[in-house]
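A short write-up of the structure that comes next.
The values are calculated or read from the model by the stated rules, or taken from the named source; none is laboratory data. Values in this document were obtained by computation on a predicted structure and should not be read as measured data. As a convention, Cβ positions derive from the backbone with ideal geometry for all residues, glycine included, and neighbour counts pool all protein chains shown. What goes into the accessible areas is simple: the full protein's heavy atoms, side chains included, and nothing from ligands, DNA or RNA. Shrake-Rupley method; radii C 1.70, N 1.55, O 1.52, S 1.80 Å.
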Amino acid sequence: MGSKWIETPYGQFSADFCVDRLFNLCDANQGIQTGPFGSQLHQEDYVQIGTPIITVEHLGENRILHANTPKVSDDDRNRLSRYRLNKGDIVFSRVGSVDRRALVREKEEGWLFSGRCLRVRPDPKKIDSQFLSYFFGLPAFKEHIRAIAVGATMPSLNTSLLSEIAVPHPSNIDEQRAIAHILGTLDDKIELGRKQNETLEAMARALFKAWFVDFEPVRAKIEGRWQRGQSLPGLSAHLYDIFPDRLVDSELGEIPEGWDVVALGELVETVKGRSYKSEELVESDTALVTLKSFARGGGYRPDGLKPFAGTYKVEQVVHPGEVVVACTDVTQAAEVIGRPAIVRRSTRYQRLVASLDTLIVRPKDSRITRAFLYFLGGTEAFVSHTYAHTTGTTVLHLGRDAVPSFTFARPPAQLVQKFDALAASVLERIQATEQESETLAQLRDTLLPKLISGALRIKDAEAFLQERGL
């Protein structure tokens, strides 16, 4: 390619790009900084309401994850003000998965970052922070940062290593912003789909809770809040007739009359996933559903799949729509162990196999469905029960009898089927949105190295997206 290209540790970049060390592109006073040391911040300092702190666990794919962030008081926030985050900062994982980073957006302005993170504060006069964050997302850059991290057992970054990183970039900051805008538009569409799916699932979850946990239709009858010809959300008058008008005592407390208390093991079968070796994780048309396939708090993450070329049993194959439960957890707040997910269809792999960290839970009785099982697994009672059946400290493990021994009030099959019909339509919409998001992510990942390196120019990228209606 001759003089049209410059060689870097991350591949070839356009010869008309500038190359600067990262420290030269950052704020002169607070360019690259490590989070507070353990002596400055302790877990007992956390409060229920206060300023959130970003930890490694909250670094998503170039976005800050907001769920279950620890918080500190106003006094501690002021004491730790030098660790304050501004819009445009980029937060790196300092230990472990050192290639993880996230761009700080307006909604995270004023939050803090923990000692397990590093903050990069770009100088907006020299480089666009969103462009820089996409540069950090280059697969070749991620490979490089993992290679230079120090420590064999626990790789780690430090300010010196990051400071010396060479950053190729267009000299024109407007060109940087245009590149970031193209990639950001795709990410924004993915994020919008994620929020829509959260709303849809929350609606289905609220309906499940009203019918099968709080027994709201039964209480409405008891308290005279319902009369025939009227209806509460989600139920026709005909379906209300199926709910009794009394609650009776049981080993679980009050439950609707006529419902029985059963152990989940009577209605489902469980299949433990397959253990694997690192040499089996090679490109294949088969992938493992792993611990990373579970979102914090439950739910499915398609980016957690790992290509797999080993052998497996037929029963360990996971089909789209099946329910799996996490058997292991390494999060400090136990946000994954015992949580369910519904596996989605993959556009990349022909078949999916459960890994050892995954338990497949299959209905074996017509009186329970996958959708009912999934939302039952998201209830506080199920989460508390499975947590009580875990062992371990740093790494949690789910007991073999955790899922089968869970008991609940089983409603009539007619109600289960009605809920399944409502929930299935919601889950189908979620599946469609996730497939669209997966396509957008693949498109972004295709454009990213070409745009960031200058191999694809902005006008060509814009035309490419217009042809696809984006």
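Rounded, prolate or oblate for the chain? Axes are the square roots of the Cα gyration tensor eigenvalues, ordered a ≥ b ≥ c, and the cut-off for rounded is a/c under 1.5. Prolate, since a/c reaches 1.5 and a/b exceeds b/c.
By how many nm would the segment from Thr153 to Glu428 grow when fully extended, if each residue of separation counts as 0.36 nm and the alpha-carbon distance is taken off? Walk me through the intermediate numbers first.
Values: separation 275, 0.36 × 275 = 99.00 nm, distance 4.26 nm.
Gain on extension, Thr153 to Glu428, equals 94.7 nm.
Helix-only mean residue ellipticity at 222 nm, the chain, DSSP H runs n ≥ 4 weighted -39,500 (n - 2.57), per residue, nearest 500. What is it?
Working: 11 runs with 149 residues, N = 470.
Computed mean residue ellipticity for the chain: -10000 deg cm²/dmol.
Bridgeable lysines around Lys277 (alpha carbons under 25 Å apart, same-chain partners fewer than 8 residues away excluded): Lys142, Lys292, Lys306, Lys313.
For a test of the definition: using alpha carbon positions, the gyration tensor, and the 1.5 limit on a/c, classify the range 293-353 as rounded, prolate or oblate.
Taking the square roots of the gyration eigenvalues as a ≥ b ≥ c, the range 293-353 is prolate.
Ranking His58, His385, His66 from most to least accessible surface, computed with a 1.4 Å probe over the protein chains only, gives His66, His385, His58.
Return the equivalent ellipsoid semi-axes of the range 185-299 as a descending list in whole Å, where each equals the square root of 5 times an eigenvalue of the C-alpha gyration tensor. Could you put the intermediate results ahead of the total?
Details: eigenvalues 330, 109, 23 Å².
Here the semi-axes work out to 41, 23, 11 Å.
Residue by residue, what Karplus-based ³J(HN,Hα) values in Hz, rounded to whole numbers, does the range 357-368 have, using 6.51, -1.76 and 1.60 with θ = phi - 60° and x for Gly and Pro? My calculation for the range 357-368 gives 7, 10, 10, 7, 10, 10, x, 10, 9, 5, 7, 9 Hz in order. Per residue, the chain exposes an accessible area of 48 Å² to a 1.4 Å probe, with every protein chain left in place. Shown in residue order for the range 53-62 are the 3J(HN,Hα) couplings computed by the Karplus curve 6.51 cos²θ - 1.76 cosθ + 1.60 at θ = phi - 60°: 10, 7, 10, 4, 5, 9, 8, x, 6, 6 Hz (x for Gly and Pro).
Summing charges over neighbours of Gly11, with a neighbour being any other residue whose Cβ is under 13 Å away from its Cβ, gives 0 when K and R count +1 and D and E count -1.
The long axis of helix 458-467 is offset from the longest Cα principal axis of the chain by roughly 30 degrees.
In terms of the Cα gyration tensor, with a ≥ b ≥ c the square roots of its eigenvalues, is the range 321-447 rounded because a/c is under 1.5, prolate because a/b exceeds b/c, or oblate?
On the way: a/c = 2.18, a/b = 1.15, b/c = 1.89.
In terms of gyration-tensor shape, oblate.
The packing ranking, built from the mean of other Cβ atoms within 10 Å per residue, places the peptides 241-251, 122-132, 89-99 in the order 89-99, 122-132, 241-251, highest first. Distant-in-sequence amide contacts of Cys18, defined by a placed amide H-H separation under 5 Å and a gap of 5 or more residues or a different chain, comprise His169, Ser171. All C-alpha pair distances within the range 90-217, sorted into 10 Å bins from zero, spread as 11, 31, 28, 16, 10, 5, 0 percent across the bins.
For the range 393-407, putting each phi into the Karplus relation 6.51 cos²θ - 1.76 cosθ + 1.60 with θ = phi - 60° gives couplings of 10, 5, 10, 8, 10, 7, x, 4, 8, 4, 6, x, 7, 5, 10 Hz, in residue order, rounded to whole numbers and with x for Gly and Pro.
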